[in-house]
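To start, the structure under review is shown below, and the notes come after it.
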Amino acid sequence: MHVLRRIGAGTTWLVLLVAIATPLAAQEVGEAARIVLHAGAPFDGPIVLTHPGVGTPPERADGAQRAAEAALQALRAGRSALDAAVAGTVVMEDDPRYNAGTGANIRLDGRTIQMDAALMTGKGRFAAVAVIERVRNPIRVVHKVLDTPHLLLAGEGATRFAHRMGFADVIPTCAEAEEKYRRRVARVREALAQGADEFDWPAHWNFPNPLPETLRDLAEGGDTVGTVVRAADGTFAATLSTGGTSITLHGRVGDVPIFGAGLYAGAHGAVACTGHGEEIIRHAMARQVYERIATGSAAARAVREAAESFPSESSLGVIALDRHGWGVVANRQMGYGLAGPAPVEGQE
Ligand code: GLY
């Protein structure tokens, strides 16, 4: 049985979801600071949990569900937890609605697309790329980094490595990402007209391309995509991929490729985060959640406690697996995908 808990200021209530074939179909989304938790009954078989990024409404979580099912299919075909976690995230990188791979955010200059991605296995293997450009599936490149002596490749070196490994030299954009950029620019103009200003972007401009007319953006839903997997043999893996945030200087790196921040996996579970990267790094969020699990907390409790300790003004979503259970938490709207546990009565 899937359980949704919504935790408001001083109040907690439970809603039993008896029909959750479409992830979060019954979720009610409140104001930003509200924390919503989803969890399931104990389940010991292979399981995959995915997120399409905090800010992505539940109605657009069908791609995350497809990703979870693709990853489970990989497990059933005898692939490892890591291979399955990569397969799940590739599906979401290829979905133009999500901020990763093909749908990655276009940065303030209207041209730059810089992406981060990472993986970790339950045996402690870690690899990442940061500010990589001109590649369709950064998570596949990360998989290749595992074969090198390094943990993290960044910038032009990461891009050149990808092309050397045979990945096509493509600018991973799409009509959806361009439309998102145009909408953003329109809102920027409005914000400027209203005199709103938080940071002097022109004074710090470091893009190789010229400053566009508009300087400011308002955050728009959709962040990192992520997959956590527990295979039938009890091994874990986690993967993440992101187009980063829009309002950044050139070369900004978020939480995704920072060890212990965006994702973590070990013998006791796997964790993947989404949200305000700088704040997630400050909290070493994925490692923090994993430590709670490793010291006996259920995944659901671990993600809830982590979200409660996070500043409400910063967005956060976390998915986590332990040896028997799973948990999804977010302080903004966020759909998710789940594959493995048998559907409860009423599920499609
Ligand atoms: N969470 C993605 C980022 O901040 O880059």
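The values are calculated or read from the model by the stated rules, or taken from the named source; none is laboratory data. Only a predicted model underlies this, so the values are computations on that prediction, with no experimental measurement involved. Cβ coordinates were reconstructed from backbone atoms using ideal geometry, including for glycine residues, and neighbour counts include every protein chain displayed. Please note that ligands, DNA and RNA were not included when accessible areas were found on the heavy atoms of the full protein model with its side chains. Shrake-Rupley method; radii C 1.70, N 1.55, O 1.52, S 1.80 Å.
A few remarks follow.
- Per DSSP, loop trypsin sites (Lys or Arg not before Pro) in segment 32-117 with at most 16 further Cβ within 10 Å: ARG111
- Accessible-area ranking of ARG230, ARG301, largest first, probe 1.4 Å: ARG301, ARG230
- Those residues of segment 35-59 whose amide nitrogen sits under 16 Å from the label point placed on SER312, 7 Å along Cα→Cβ: 35-37
- Looking at segment 34-176, the DSSP beta bridges with both ends there are about 60 percent antiparallel.
- Kirkwood radius, segment 231-331, all distinct C-alpha pairs, inverse of mean reciprocal distance: 13.5 Å.
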